[in-house]
Every structure is written in structure tokens, then in C-alpha cells.
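The values are calculated or read from the model by the stated rules, or taken from the named source; none is laboratory data. Being a predicted model, the structure only gives us computed values, none of them experimental. As a convention, Cβ positions derive from the backbone with ideal geometry for all residues, glycine included, and neighbour counts pool all protein chains shown.
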Amino acid sequence: MDIRGTDTPLLDWSGDAIALGLFEEETTLTGELSQLDEKTGGTLAELIEETEFEGKSGSSAVTRIGGGSAIRKLILIGLGKKDELSLDSLRLGAAAVARIGKKEKVKSLGISFPVVENEATSTAAMAEGMILSLHQDNRFKSEPEDKPLKLETVDILGVGAQSEAVEQAQTITSGVILARELVAAPANSVNPVTFAETAQTLATEYGLDIEILEQDECEKRGMGAFLGVAKASDLPPKFIHLTYKPTATPKRKLAIVGKSLTFDSGGLNLKGSGSGIETMKMDMGGGAATLGAAQAIAQLKPDVEVHFVCAATENMISGRAMHPGDILTASNGKTIEVNNTDAEGRLTLADALVFAEQLEVDAIVDLATLTGACLVALGNDISGLWSTDETLKEELKTASETAGEKFWVMPMEDKYFEGLKSPIADMKNTGPRAGGSITAALFLKQFIKETPWVHLDIAGPVWADKENGVNNAGATGFPVRTLVNWVLA
């Protein structure tokens, strides 16, 4: 699919289908729209009237144009209220257009939407929406259900040549798609070994530095929390450190740390029937997004040094498994009483955060499918955000708003750490049921000394049970675009 920006006027464009974005309660035809209606023999006005199209967000209508018109089909997309228009409105509208175009077997498509901020950002948002909405993962099907995509060219009208914006959107969405496919793959395909192989491939292909710490090196570094989780698996743990370095002196040094449990059985606190154990291939959603961001950032080449850290392992059961009641010692010397082996992600992140801070970076972001409590609090579409630094918090919020990925700032209520105190160790790995996502963030805070830090609990948005916005059902690649925007800012 070739996406292009163009100055071609709406009335001069010809092709299979034209898509128009209309605002709520502004469907009266004036100016170019009136002329287009006349040019198409009244088809536009007829479509609005027959479908009672009101321009509400998420609404659409489509019809065929007869009479030998230079355009075969007309697509209407509701953009909602004019004063609420955002980049995400364009992104979601373009995603809807792409799906309609696919269904209608359109080969050449023109899109006429208003501009938000500027032509480049608007073009990039629309390109992202189309690419992500049309992505299909058929790797594990013997006979893919989807027929080959017929949509060949998309012209975004009235924005001028925007090849750089389209190229950037394609680069970022390639990172999103990598994250999607890592999360979607089953645990017998993506495991700690193959996850590390993917990181090695990225390093080789995009010129990243890489070190992969094997178990013996992790032991030398005192990573007892990470290795405690890894003990029960027959597959070796892999502690992955990728680095992007710009050619010039970096203006900042950043670290992105992703939880990378390629499968979580719960350990000896085994997840029972109805617990969602069959979905636990996606417990490495944070690590997948970390690698997806690495792929995009390595190609975009910002003047920022970025470290990508993934402590990859499985949480399994065996005679070697950590027991409830065991005490683990993390690499910063802090001791942890394991009162629930199914709260394993924070144990792997503990050593990963210590490692990241030792790199002497300016800021750290960790992301993890960490708690069901966050899913209960914020639902499927919104991630929780905790931070010790107001500036960094605002940076992530701005990056997420541009990406159209939703975050809600949660309280870092230090008093709640009382629930994590242990009589025989420095802390337990879980606290009371109430405020579970907050106590998880407070646990992680114990492994950061001074570096500005943000924790993202992405348990809900990494997976969609049904088509949603730019996402089809399944893995979403959340929040690769936010991470990339943050680094590029």
C-alpha cells in the first residue's frame, strides 16, 4: 500500500473511492462539498439524507456513484464535534476508511480530512491509522482467512508532499507490529531464548549494541530476584540489554525497561481454571513494546542515547521452583519475602531497574503487564502511570496524547507501603488486595535511588478482545508509539 500526501484538489482527484471527513451537525453542503455533490449527480446529498448521517464520531456511510463518474464510490466518516477534533480523530477516521476500503475492494483511495496542528503530523496520524488497522497476523494459520489486500494507493488530499511524515509513520508502525506479533505468538514460539534471538536480530539489522547476560553472569551480579523467578523453567533466562547510540553527543540518556515473562503459569501459586492462564503468553507485553520501540528508534536516529532492558524468563512449576515464603536478595542488596509466586513480574523488574539505574541515565520508564488490579481500576483501554518526577510524568502524558494511547496518573501513596512490610525481610512482594496496583508501583520504587522514573502498568491495553480503533482483535502493540514519541521529543 502506497500512502502519499498530495496538493491535488478534492474536485480534481479521480480513483476508486473518495473518503470525506464530516463534523457533527455540520453536514450542510457548501463550497467544495456542494460542487462535489453537483459533480456526482447529487449522490453526496442523497447519501447523507438516506443514511441520516450526522457526522457523529465513529459513524460512516458508503455508496456507489453511477453515471460514469471519475470516482466509483463515496465514503463518509464522522469526525465528531469540531471543537474536539484531535490527531486521534484523524487516526481513527483513517483506520475506519481503510477497513471500509478493504471491504469494498477499493484499489485507489483518496482521503479528504481537516488538518490538526499541521500537515505533517496529520498525515502521519492518518498513515498510522490505516497501516495498523489493516495489519493481519496470519503466521499460524494453514489457510489464512483474509484475501490479499487490494488497496494499492492512498492519496491524502490537501496536505502537500509528505514523504517524510509517511516514512516516519511506517517506521513507527513497524515497531508496533513487531510488538503485536511478539505478544500474539504462543509461548512455544516466543520463549526467553527466541526473544533474545529477536533482540540479536534487531541489533544486527539496525546497528544496535547488545549484551545478553546468561545465568552465570546474572548470578555474579547478584540478580537473585530475577533468577528466583527463572529457577523453575527448563529454558535459560536471558537478561537483554540493547543500546542505541547517536553519532553525535547525545542530548539525553534514557532507559526503557520492559517486563518480559514469556509465559506466566503463576508458579507454585498456580493460576487455576478461569484465571486467564491461557492468555499468559502476553505477559511479556512490556518487553515486546520495548523491542518494538528499539526497532523504530534505531531507524529514526534521534540524538538521544537509549538503553532497552528486558529480563526474559518464564514463571513455571518444577522441583526447582521458588516457594511461597522464600526470601530472595535483589542486586541492590534488598531482601524480598515471596508471599505469592504469581507476583513474579515485579521481581524480574527489580533487578532490571537496578541495572538500568547503574547505566547513569537521565530517566527510566518501565512498562509491564503487572497487575489485574490496574485492569479492574482502569479497564481495557487505559494504562496506569506512576512517577516520582513531575517533569517526566508530563513528558509521558504529552507523548501519549500525540499517540492516542491513554494513560491515567495514579497516586504514589507511600503510606500503602506498610502493607508490603515483612517481619523477616525488607519487604514482601505483594500487599493487601486493596490498592494492588499502587503497592506494586511502591515495590518497584524500592529499586530506584535517585533517577527520575515512570512506571506504566499496561495490563489492559496490550490486548483487545475485539476490533477497537486502530487495533484489530488481539495484540495491540501498546505503547510503542508513546515510547517513541517520548524519545523523539
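Name the residue, out of 20, 44, that is buried (at least 20 other Cβ atoms within 10 Å of the Cβ), under 23 Å from residue 467 (Cβ atoms) and touching a helix residue (DSSP H, G or I) at 6+ places or on another chain (Cβ under 8 Å).
Exactly one residue qualifies, and that residue is 20.
In the range 93-110, what count of residues is obtained for those that are of a type outside the set (D, E, K, R) and either touching a helix residue (DSSP H, G or I) at 6+ places or on another chain (Cβ under 6 Å) or in a loop (DSSP other than H, G, I, E, B) (or both)?
Result for the range 93-110: 5.
Quick check: is even one residue across the range 422-434 more than 19 Å from residue 327 (Cβ to Cβ), of a type in the set (Gly, Ala, Ser) and either in contact with a Lys or Arg (Cβ under 6 Å, 6 or more places away or on another chain) or surrounded by fewer than 19 Cβ atoms within 10 Å (Cβ to Cβ) (or both)?
Yes, the conditions are met somewhere in the range 422-434.
Are there any helices (runs of 4 or more DSSP H) wholly within the range 380-489 with 2 or more residues that are acidic (Asp, Glu) and at negative phi, and if so which?
Hits in the range 380-489: 390-403.
Going through 381, 366 one at a time, which residue ends up being touching a His at 6+ places or on another chain (Cβ under 7 Å), modelled with pLDDT of 95 or more and not polar (S, T, N, Q)? First the steps, then the outcome.
Numbers: 381 fails: touching a His at 6+ places or on another chain (Cβ under 7 Å).
Result: 366 is the single residue among 381, 366 that is touching a His at 6+ places or on another chain (Cβ under 7 Å), modelled with pLDDT of 95 or more and not polar (S, T, N, Q).
In the range 330-345, what residues are surrounded by fewer than 24 Cβ atoms within 10 Å (Cβ to Cβ), of a type in the set (D, E, K, R) and under 23 Å from residue 285 (Cβ atoms)?
342
Quick check on residue 255: is it in contact with a helix residue (DSSP H, G or I) (Cβ under 7 Å, 6 or more places away or on another chain), under 19 Å from residue 331 (Cβ atoms) and in contact (Cβ under 8 Å) with a residue 40 or more places away in the chain?
Taking the combined requirement at face value, the residue satisfies it.
Cβ contacts < 8 Å: first residue buried (at least 24 other Cβ atoms within 10 Å of the Cβ), restricted to the range 346-357; second residue aromatic (Phe, Trp, Tyr) and assigned to a helix (DSSP H, G or I), any location; separation 6+ or different chain. Result?
346/443; 347/226; 348/226; 350/226; 350/443; 351/226; 352/226
Quick check on this structure: which one of 202, 227, 261, 270 is assigned to a strand (DSSP E or B) and in contact (Cβ under 8 Å) with a residue 12 or more places away in the chain?
The conditions single out 261.
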